[in-house]
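Take a look at the structure below.
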């Protein structure tokens, strides 16, 4: 499968090792005074190591790699001790990766008799690091809260995956005015930037919208985005359409989205969005229902049908 994996520029790497300590999954090591990705299977692709690199030697690349395995990751990690496990779980919590966090906690609880540390101490440490809503990992699981966007040094903070769910709220648009409530539950949303492995996509109802749609519909958030995850694209102007097909295929097979709603404009070039979804469906091992909504340039819904 194709997913996001970090790439290290050996020419830029100065061997400082900051990224190694920043990778709580243990996927990075210093070898011959250079940072090396030793395990693609353990790289979560979230890019926390990017912010630790002072040389900008680390980037995220979308390429063929084995699927990230949280159970395997934490089972190998426990030999490094309690503090490493705590740092790993906090890392997952900071990115609001609830499913990975749940899997990790469940493994710890199931294997606590074999560990050199007490699981409740780990969970207590993670819990006390934050105040917020329960993550859904179980009765003994830590609590999580959406974190503010951080700048990640050599990487673009705009591509850092964040899930904020029901925490989205009305915001002050200007003095004395309040904007309508946002129904956006995660970031980023541009199809090139999203990570299909992000927890917010798992089992969700996906809205795949053309870039212009939200600007044509005043009720886009309340009527069409509410309750859905979002990806946006322009089938005419965006480059690398093959990457789009791969991302949609991964959303179907790996994230196992429940449904896909495609919203496109009435202009002919927008029809490419449906074609991208159909191509992805042909490659995918799963089949999911696809609904098509065509939006007129005056904001009316011209078509609403299952395809």
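None of the figures in this text is laboratory data; all of them are computed from the coordinates on show. Note that the coordinates shown come from a computational prediction; the quantities given were computed from them, not determined experimentally. Positions of Cβ are backbone-derived with ideal geometry, glycine not excepted, and every protein chain shown enters the neighbour counts.
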For region 2-64, take every pair of Cα atoms, bin their distances at 5 Å starting from 0, and report each bin as a whole percent.
4, 21, 35, 25, 12, 2
When 43, 16, 49 are arranged by how many other beta-carbons sit within 10 Å of their Cβ, fewest first, they go 16, 43, 49
Sequence-separation-based contact order of region 1-63, relative, with Cα cut under 8 Å and 6+ spacing, percent:
48
Based on alpha-carbon centroids, what's the gap between region 291-307 and region 179-231 in Å, whole number please?
17
Just the Cα atoms of region 183-306, one point each, no solvent: what log10 I(q)/I(0) does Debye give at q = 0.09 Å⁻¹?
-0.21
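What is the order of 105, 79, fewest Cβ neighbours within 10 Å to most?
Details: 105 24, 79 10.
Neighbour counts put them in this order, fewest first: 79, 105.
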What's the center-to-center distance, using Cα atoms, between region 15-34 and region 58-113 in Å?
17
Using Cβ counts within 10 Å as a stand-in for footprinting exposure, how do 267, 126, 78 rank, fewest first?
267, 78, 126
